[in-house]
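Notes for the one structure printed next.
Coordinate-derived values only; no laboratory data. Only a predicted model underlies this, so the values are computations on that prediction, with no experimental measurement involved. Because the Cβ atoms are built from the backbone with ideal geometry, glycine has one as well, and the counts that use them run over all protein chains shown.
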């Protein structure tokens, strides 16, 4: 994967084909939310299970609802900040006059991935 990020080899993957966006507006946002929830579920479900278990032992509906609301706001805030940071980073980089930042960052990430892979391969041999 590191070599592919650096552009030295190309591994054709079936899901890499560029497709035209079919759903926009509310339906597109709903579908994107479903996909994001599915992807973040393995990380979010254990925390949610602990909150639900704790709330069930307390027996206070208002307290349980407020805990779940706070969890939902915190979980959505992370996704919201991640979405905003991409646009902000692109604006900062373009205002500084840096060209091809994504190309250089991909190459750097690929080289780092190769180095870490070699390190783990050699140390675990």
Checklist entry - Once the Cα atoms of helix 61-95 and of the chain are each reduced to a long axis, what angle between those two axes, in degrees from 0 to 90 to the nearest 10, is obtained? => result 20 degrees
Next on the checklist: From the helices alone, meaning DSSP H stretches of at least four residues, give me the mean residue ellipticity at 222 nm for the chain, per-run term -39500 (n - 2.57), in deg cm²/dmol to the nearest 500.
Outcome noted: -27500 deg cm²/dmol
Checklist entry - Given Cα pairs under 8 Å that are at least 6 residues apart, what percent is the relative contact order of the chain? => result 59 percent
Checklist outcome for this item: If one compares the long axis through the Cα atoms of helix 25-58 with the longest principal axis of the Cα atoms of the chain, the angle in degrees, nearest 10, works out at 50 degrees
Checklist outcome for this item: Given a Förster distance of 41 Å, the FRET efficiency implied by the Cβ-Cβ spacing of residue 106 and residue 54, rounded to the nearest 0.05, works out to 0.45
Checklist outcome for this item: Simple spin-label estimate for residue 82/residue 4, 7 Å along Cα→Cβ, in nm, reads 2.0 nm
Checklist entry - Cα-based Rg of the chain per 2.2 N^0.38 Å, rounded to two decimals? => result 1.52
Checklist entry - Once you put a point 7 Å from the Cα of residue 124 and another 7 Å from the Cα of residue 92, both along the Cβ direction, what distance in nm separates them? => result 3.4 nm
Checklist entry - Taking segment 43-95, how much of its Cα-Cα pair set, in percent, is spaced more than 14 angstrom apart? => result 63 percent
Checklist entry - So what's the angle, to the nearest 10 degrees on a 0 to 90 scale, between helix 101-123 and the longest Cα principal axis of the chain? => result 90 degrees
